[in-house]
Amino acid sequence: MSPNSIHWFRKGLRLHDNPALREAVRGAATVRCVYFLDPWFAGSSNLGVNRWRFLLQCLEDLDANLRKLNSRLFVIRGQPANVFPRLFKEWKISRLTFEYDSEPFGKERDAAIKKLATEAGVEVVVNISHTLYDLDRIIELNGGQPPLTYKRFQTLISRMDPPEPPVEPLSEAFMGKCVTPVSDDHGDKYGVPSLEELGFDIEGLASAVWPGGETEALTRIERHLERKAWVANFERPRMNANSLLASPTGLSPYLRFGCLSCRLFYFKLTDLYRKVKKNSSPSLSLYGQLLWREFFYTAATNNPRFDKMEGNPICVRIPWDRNNEALAKWAEAKTGFPWIDAIMTQLRQEGWIHHLARHAVACFLTRGDLWISWEEGMKVFEEYLLDADYSVNAGNWMWLSASAFFHQYTRIFCPVRFGRRTDPEGQYLRKYLPVLKNFPSKYIYEPWTAPQHVQEEAECVIGRDYPLPMVDHREASERNLVLMKRVHSEQENTAQLTRDVADDPMEIRMKRAYPKHVEETGRADGFLETTGCAKHFHHEGELKSLPCKWPSKVIQVPELSGEVM
């Protein structure tokens, strides 16, 4: 007898490269694709309106694509553990399929659902497709422990077979005789809700800069690969003000929600490289952004405290300040530093910021200026950032705060000079901080230094129309550097867990990018970029010797390797 199947969507919101979905359809009499949405959670969660809109657009697109196959998406109101037993009985289900979730909370949830399904006599089929590799296999190769340095991670995957190629998209031919029973009131019972139905006030909400859904993702990946082939055979283009803006080739939110398969991206990138480079084999660095994502997933999968400082065995315990007022100024773009405030404004409005910008605001909040815990910054990113997820968001915040993975804490981003080098005319600032749009470029990054008459002519008096700087960067960064040095010295054993001094990618890139005198003096006026991992920083050497002043020479900053993350 042919089974009746449920495919449970969580991430993996796509029809292409979805092996669990294909298993639900294979040989089945009926299939119902479900997504659980708890309306109460929508009203009480920490997710902002842009993230909810992106998710709802993903679900609408998924439903539209299923309609083309004479199927539909069933958006279920409620918690899976509470609703599944009823669905198993009501729909006479004998098979449940879903994509493997490597995150600790997801594994705990899925174990509970498997138990419910087994008790109901329902077969459970789980497939890996949100990551390139089987993370448990990587951990097994490492003696049962997750690799905690990127170098070790690369060594392990180099011993493994390449990732599985993507499976074919679900098609009408593959559906065959499998049908989806749909009632006349399907829209009322199982339709995708609106933002208003979830309790959001959308008055004045701007149109989405990042439209959600698989259809958009597949369009973007083609643009992304066209651009990558065009840009000098994979060489990185020069950084400029436009690089800070959302790009029609950006992919990170689509990878996070699974609208785009990481395996499809991996193999398309491989094929393009071989075409451009005449069949030569690509190195691991080509997949840098995907592999850093994979590295953080592997590090987090067995660590339920990965997003916490306390109880997290790999995280240096730093006595951060608790300052809700300062945190609010940072989150609400009221720090008085235009570069920082423009970034936070873009984040709140659009749900995405460039890697360079992420580094700047993260350093400012934590070890650079405000000395506030990375956990607080992570929560703000979780609320607003479309591509934030448990593993990558927490991993990046630990990295940028020098709490784990990156320990060159003497490198601090200047909240004035860092942005100025990328966008000397302040075009980015004028876009996101229109209150400053009339300032001459000379003063726009430090408007408090403008003479009174210049401020009045710009119709923006600092301290009245735009805030004064909330901290003295020089004093704060010097104080924090002393504290960080002491903490790392006291907790050397913890710091060593995620440190690989011999092959720190930051150090490798510095040696390649800068002449010998820079290596010897430890001084460089610019950004240093890691190999293949899209990490940038500013090397300031001795803080006290480098005031926040703009040097006469404009430095060309290399762009990130693509726009994935």
Condition first: open to solvent by less than 10 Å² (accessible area, probe 1.4 Å) and closer than 30 Å to Gly311 by Cβ. Can you find one or more residues in region 427-434 that meet it?
no
Looking only at region 438-457, count every residue that is in contact (Cβ under 8 Å) with a residue 12 or more places away in the chain and open to solvent by 60 Å² or more (accessible area, probe 1.4 Å) and tell me the total.
3
Anything in region 76-115 that is of a type in the set (A, V, I, L, M) and buried (at least 17 other Cβ atoms within 10 Å of the Cβ)? List them, or say none.
Ile76, Leu87, Ile93, Leu96, Ile113
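Filter region 118-140 for residues that are of a type in the set (A, V, I, L, M), touching a strand residue (DSSP E or B) at 6+ places or on another chain (Cβ under 8 Å) and part of a loop (DSSP other than H, G, I, E, B) and give the result. Working first, answer last.
Just the residues of region 118-140 that are of a type in the set (A, V, I, L, M), to begin with: 120, 122, 124-126, 128, 132, 135, 138-139.
Among the residues that remain, those that are also touching a strand residue (DSSP E or B) at 6+ places or on another chain (Cβ under 8 Å) are: 122, 124-126, 128.
Val122, Ile128 - these are the residues of region 118-140 that are of a type in the set (A, V, I, L, M), touching a strand residue (DSSP E or B) at 6+ places or on another chain (Cβ under 8 Å) and part of a loop (DSSP other than H, G, I, E, B).
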How many residues does region 284-306 contain that are in contact (Cβ under 8 Å) with a residue 60 or more places away in the chain and open to solvent by 30 Å² or more (accessible area, probe 1.4 Å)?
5
Could you check, for region 238-254, whether at least one of its residues is open to solvent by 70 Å² or more (accessible area, probe 1.4 Å), among the basic types (Lys, Arg) and at pLDDT below 90?
yes
Quick count over region 417-463, residues being among the β-branched types (Val, Ile, Thr), in contact with a Gly (Cβ under 9 Å, 6 or more places away or on another chain) and in a loop (DSSP other than H, G, I, E, B), is 0
Out of all the residues in region 32-53, is one or more over 29 Å from Trp352 (Cα atoms), out of contact with any Asp or Glu (no Cβ under 8 Å at 6 or more places or on another chain), open to solvent by 10 Å² or more (accessible area, probe 1.4 Å) and of a type outside the set (Ser, Thr, Tyr)?
yes
Total residues in region 361-388, condition within 12 Å of the chain's Cα centre (by Cα), of a type in the set (Asp, Glu) and surrounded by 21 or more Cβ atoms within 10 Å (Cβ to Cβ):
1
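Do the conditions hold for Arg293, that is, is it of a type outside the set (Asp, Glu), modelled with pLDDT of 95 or more and at negative phi?
The answer is yes for Arg293.
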Tell me which helices (runs of 4 or more DSSP H) are completely within region 156-230 and hold 1 or more residues being aromatic (Phe, Trp, Tyr) and touching a residue at least 40 places away in the same chain (Cβ under 8 Å), or say none if there are none.
172-175, 186-190
Would you confirm whether or not region 325-339 contains a residue that is without any contact (Cβ under 8 Å) to a residue 24 or more places away in the chain and part of a helix (DSSP H, G or I)?
yes
Looking only at region 172-194, decide whether some residue is under 24 Å from the mean Cα position of the chain (by Cα) and not aromatic (Phe, Trp, Tyr).
no
Which of the residues that make up region 382-416 are aromatic (Phe, Trp, Tyr), over 17 Å from Cys315 (Cβ atoms) and part of a helix (DSSP H, G or I)?
Tyr384
For the list (1) open to solvent by 10 Å² or more (accessible area, probe 1.4 Å); (2) acidic (Asp, Glu); (3) touching a Pro at 6+ places or on another chain (Cβ under 9 Å), I need the number of the one condition that Asp17 fails.
(1)
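The values are calculated or read from the model by the stated rules, or taken from the named source; none is laboratory data. No experiment lies behind these values; they were computed from the predicted model shown. Backbone-built Cβ (ideal geometry, glycine too); neighbour counts: all protein chains shown. To get the accessible areas, we keep the full protein, side chains included, count just its heavy atoms, and leave off ligands, DNA and RNA. Shrake-Rupley method; radii C 1.70, N 1.55, O 1.52, S 1.80 Å.
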